[in-house]
1. Taking the Cβ of each residue in 49, 67 as the centre, tally the other Cβ atoms inside 10 Å and list the residues starting with the fewest.
2. For the stretch 18-71, taking Cα atoms only, what is the radius of gyration to one decimal and the Dmax to the nearest whole Å?
3. For 249, 35, which order do you get if you count the other beta carbons within 10 Å of each Cβ and list the fewest first?
4. Using Cβ counts within 10 Å as a stand-in for footprinting exposure, how do 98, 206 rank, fewest first?
């Protein structure tokens with residue numbers, strides 16, 4: 001299609017026109033590797049929905065699917081990336097306490113999670129009246145990403161604090177469809193996740209890459225909710241919640257992210273082989 005001569009590329013003429021929206025791994029010599037947030041100079045767009053360009057991070061030139069990039073001036077709400085209408089499997093729901101986020105300089109590793117959890121928990125424990133200020137969240141995890149909802153706001157909207165966390169609960173699905181999540185992370189932004197126990201407390205944490213700056217990362221930390229902390233108004237709903245949370249929610253959320261990546265990979269393979 002074209003000859004690649006890296007030595008003849010003049011740096012002065014390399015001006016970014018687009019950003020990489022998704023990660024793309026090349027499978028042929030003429031294809032170009034992309035990471036989320038890479039600055040791209042588009043050279044030519046083809047009729048078959050492929051594009052030729054230069055990755056200004058790696059100084060490499062090649063072709064890639066046009067859907068992998070967006071115009072550099074386009075402002076995109078990350079929640080727009082998550083379209084759950086075509087999910088292969090039903091999303092999973094988990095109730096956890098959100099402790100906070102911290103910017104980090106590495107994108108993966110158990111040690112990174114250890115350090116992040118320790119820093120955030122120390123910061124949280126220093127706050128007055130921790131239990132009153134803790135943020136109860138509802139995590140919705142699917143193969144397209146993680147949505148985080150404010151549990152209290154969800155209950156206030158329904159004026160009913162006994163709404164069940166059950167994917168088959170129509171009341172829950174209807175309410176979430178009307179609410180905008182507090183935070184929203186596309187699966188392609190998540191670089192690492194883990195489940196850990198520190199000082200007899202159970203934590204779930206995951207690391208994300210900034211959608212438009214591939215050198216910036218953040219770790220988001222959640223704590224498991226004890227049975228006696230669960231918000232409930234009736235004996236019946238309390239009994240249901242006791243059964244629902246008999247196993248550890250932090251561990252289950254971590255496993256759900258693993259299943260989401262597995263489904264995402266299977267979809268990618270299916271699309272690539274069609």
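Where a number appears in this text, it was derived from the coordinates with a stated rule and is not lab data. Worth saying up front: this structure is predicted, and the values here are computed from it rather than measured. Here Cβ is always computed from backbone atoms with ideal geometry, including for glycine, and neighbour counts include all displayed protein chains.
1. 49, 67
2. Looking at the stretch 18-71, its Cα Rg and Dmax stand at 9.5, 26 Å.
3. Working: 249 23, 35 17.
If I rank by nearby Cβ atoms, fewest first, I get 35, 249.
4. Result, fewest neighbours first: 98, 206.
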